[in-house]
1. For region 49-66, name all the residues that are at pLDDT 95 or above and of a type in the set (A, V, I, L, M, F, W, C).
2. Would a scan of region 71-80 turn up a residue that is surrounded by fewer than 13 Cβ atoms within 10 Å (Cβ to Cβ), over 17 Å from Leu147 (Cα atoms) and either out of contact with any helix residue (DSSP H, G or I) (no Cβ under 8 Å at 6 or more places or on another chain) or touching a residue at least 24 places away in the same chain (Cβ under 8 Å) (or both)?
3. Which one of these does Leu38 not meet: (1) free of Cβ contacts under 8 Å to residues at least 24 places away in the same chain; (2) farther than 22 Å from Gly116 by Cα?
4. Within region 1-52, track down each residue that is charged (D, E, K, R) and either exposed (fewer than 10 other Cβ atoms within 10 Å of the Cβ) or over 20 Å from Gly77 (Cα atoms) (or both).
5. Quick test for you: out of Gly56, Gly84, Gly98, pick the one residue that is surrounded by fewer than 12 Cβ atoms within 10 Å (Cβ to Cβ) and without any contact (Cβ under 8 Å) to a residue 24 or more places away in the chain.
6. For region 114-147, how many residues meet the condition of being out of contact with any Ser or Thr (no Cβ under 9 Å at 6 or more places or on another chain) and buried (at least 17 other Cβ atoms within 10 Å of the Cβ)?
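The values are calculated or read from the model by the stated rules, or taken from the named source; none is laboratory data. Note that the structure is predicted; figures quoted are calculated from it, not measured. Don't worry about glycine lacking a Cβ; one is built from the backbone with ideal geometry, like all the others, and counts go over all protein chains shown.
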Amino acid sequence: MEETPPQPIVYSLQFRGRITSLSSRVLEQRASAPSQILITTVDANGLAGHVQPGEGEEALLVSRLALADDGSFDQSGTIEFAPGHVLAFRSVGPARLGRSPDPHLRHGAAVWEVEGGEGQFRGAQGRITSNFFISDTNELTDNHFGLIFVARAAATHAPKARTRAPLRRQGIRETWAQFRRSSAFEDLLAECALWTAPWTGFQPYQDHDCAEEFAVGAVWRDFPYYDSP
């Protein structure tokens, strides 16, 4: 049986929280990120980007940084995306924390190797980039961009056979009622009002979504839908 390949997940989140000094060489990060949308715009003015809230829950980040004298660090931690769905990671390659153009901020960056986890992330693999800054009051803003490979849900649950219900053809009354409720009917009313304006004296309204404001539309709406025989 052919093995089902893992499913790649691409995500971007901006975490906000705080940095705590556990010792002279160990820092702890604790931050959260609500579900969000990253919007990047490229236009005549150049590049712009901002984050806006999305629908869903929040993710929780907890990690520790072990600092070296040269500004490099090793990092490990977890991200909980939902109860029971926790991802574990560890930094790989050079990771550094140093000064930034803003004298009130320190700028750091790291690449993390995904080391599995729990729930959706059991056996997961991938990489996450962490690009962050820390304020002089120890406030943390951490921008993540990740590519994670997880097991496909279809690999653990075989789909059940389904029998499609036979299609029932609509009668003329049902078809007419469905049309009466559609936007196409609103467009038709707007066109009628436009062409009959010279005779009715009603001024045509430009927005077809407001066709109910036409007296002609009001008359048509008084007719029954004939849903019942």
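1. Those that are at pLDDT 95 or above and of a type in the set (A, V, I, L, M, F, W, C): Ala59, Leu60, Leu61, Val62, Leu65, Ala66.
2. no
3. (1)
4. In the first step, residues of region 1-52 are kept if they are charged (D, E, K, R); the result is 2-3, 16, 18, 25, 28, 30, 43.
Answer for region 1-52, where residues must be charged (D, E, K, R) and either exposed (fewer than 10 other Cβ atoms within 10 Å of the Cβ) or over 20 Å from Gly77 (Cα atoms) (or both): Glu2, Glu3, Asp43.
5. Gly56
6. Number of matching residues: 7.
Conditions (1) assigned to a strand (DSSP E or B); (2) among the basic types (Lys, Arg), marked per residue:
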{"site": "Arg16", "(1), (2)": "yes, yes"}
{"site": "Ala33", "(1), (2)": "yes, no"}
{"site": "Leu38", "(1), (2)": "yes, no"}
{"site": "Gly54", "(1), (2)": "yes, no"}
{"site": "Val62", "(1), (2)": "yes, no"}
{"site": "Ala66", "(1), (2)": "yes, no"}
{"site": "Asp69", "(1), (2)": "no, no"}
{"site": "Ser76", "(1), (2)": "yes, no"}
{"site": "Ile79", "(1), (2)": "yes, no"}
